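Please treat every number below as a calculation from the coordinates, not as lab data. Because the structure is predicted, anything quoted here is derived from the model rather than measured. Using ideal geometry, Cβ is built from the backbone for each residue, glycine included, and neighbour counts are taken over all protein chains shown.
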Amino acid sequence: MSLDLHLPSPIQEIQDELFTAKDIRVFIKRDDLIHPFVSGNKWRKLKYILLDAQSENKNHLVTFGGAWSNHLLATAWAGKAFGFKVSAFVRGEEVLPLNPILQSCQEQGMQFIFVDRTAYRNKKNLFHCFFKDDTNAYFIDEGGASPLAMQGIAEMVDEILSEQEHTFDSIFLACGTGTTLCGIALAIKNKKNVTFIEGISVLKGIDFKNNVTTYPISLLSNWKVHQEFHLNGYAKVNPIFLSWLKDFQIKHNILLDPVYTGKMMYAVFQLAEQNYFKPGSKILTIHTGGIFGQESN
Ligand SMILES: *Cc1c(COP(=O)(O)O)cnc(C)c1O
């Protein structure tokens with residue numbers, strides 16, 4: 001009934017000659033170190049959702065994700081640790097053998113329901129069809145998107161602002177749905193802090209003003225999303241990026257994934273090259289996790 005969580009996660013400086021040359025300092029908040037499987041923004045988003053399910057006396061979590069979803073992995077592990085039964089609708093056909101993420105989910109006792117892409121779109125309907133008679137079932141949206149998720153993300157901001165030594169000009173993070181970005185921007189605003197939040201979209205052609213379902217993000221003005229670093233779409237890569245990523249990992253001894261955090265960090269390096277940052281700037285990047293199954297070199 002417990003998870004061994006490493007909180008607050010540490011903030012470390014990334015020492016690189018590029019940053020020295022540009023007279024900027026770049027830091028990273030290591031939310032990947034929170035837990036090997038329940039890491040990064042996925043733990044932040046789940047915390048208050050799980051507490052809510054407990055307080056409603058539900059013992060069965062039902063959630064949604066693609067076959068490579070970090071959210072499914074986090075929910076499987078956290079769900080089991082908190083004593084929940086966990087079911088998941090997985091987008092697409094079952095492919096055997098299961099990939100490492102789904103295999104790990106299964107080892108934690110997660111039950112899968114594979115559904116095609118069309119059916120997957122209507123999540124409330126799927127939940128109703130399969131679990132309307134299960135009074136213990138508790139709906140958790142894809143990626144943990146929920147107003148309760150924002151509360152967990154606000155705790156990350158508390159940790160950042162309680163850092164006495166540094167105040168940051170900007171915070172960079174990878175954006176999928178944009179829920180984490182929105183949660184950070186909202187918490188920063190509520191704290192009357194002036195740090196600017198900069199997302200790196202890992203998807204092509206997403207308008208984040210309309211993509212965040214949990215809060216009207218357009219009410220906030222302390223954020224922007226860069227659209228030019230997705231490398232042509234979700235999980236798309238190219239050889240230059242992959243070789244940069246390998247070099248980064250060897251040089252800085254920090255594992256990043258090619259889908260989210262790798263693209264975010266690549267963007268920060270490119271922006272630094274382009275003199276995007278004012279000399280003297282302090283930039284905080286967020287390691288949102290997602291490194292399960294990544295090879296260390
Ligand atoms: C899910 C995920 C994200 C995207 O988070 P959103 O709140 O959907 O924008 C970013 N990084 C990692 C590692 C993730 O697993």
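By the rule of a C-alpha distance below 17 Å, with chain neighbours fewer than 8 residues away ignored, the lysines paired with K29 are K42, K45, K263, K282. Amide H contacts for F114 (H built 1.01 Å from N in the peptide plane; partners 5 or more residues away or on another chain; cut-off under 5 Å): V90.
Taking other Cβ atoms within 10 Å as a rough exposure proxy, K29, K209 sort from fewest to most as K209, K29.
Scattering from region 160-220 was approximated by placing one identical point on each alpha carbon and applying the Debye formula without solvent; log10 I(q)/I(0) at 0.20, 0.30 1/Å stands at -0.77, -1.37. Calculated on the alpha-carbon coordinates, the convex hull of region 138-297 measures out at 133 cubic angstrom per residue.
Among the listed pairs K47/K191; K209/K251; K124/K224; K58/K123; K192/K236; K132/K204, which have their C-alpha atoms separated by more than 28 angstrom in this model? Kindly include the intermediate steps, with their values, before the conclusion.
Details: K47/K191 21 Å; K209/K251 36 Å; K124/K224 31 Å; K58/K123 19 Å; K192/K236 37 Å; K132/K204 36 Å.
Check vs 28 Å cut-off fails for K209/K251; K124/K224; K192/K236; K132/K204.
Computed over the chain, the Cα gyration tensor eigenvalues convert (square root of 5λ each) into semi-axes of 32, 21, 18 Å, ordered from largest to smallest.
A cut-off under 15 angstrom between Cβ atoms defines the neighbours of D116, and their net charge, with Lys, Arg +1 and Asp, Glu -1, is +2. Summing charges over all other residues whose Cβ lies under 13 Å from the Cβ of F229, with Lys and Arg as +1 and Asp and Glu as -1, gives +1.
Quick one: of the DSSP bridges fully inside the chain, what percent are antiparallel, nearest 5?
Values: 4 of 37 bridges.
The answer is about 10 percent antiparallel.
Between L181, L96, L18, the residue with the greatest mean-square fluctuation in the GNM of the chain (Cα pairs under 10 Å linked by springs) is L96. Applying the criteria of a DSSP loop state and at most 15 other Cβ atoms within 10 Å to the GluC sites (Glu not before Pro) of region 93-179 yields E93, E94, E163, E165.
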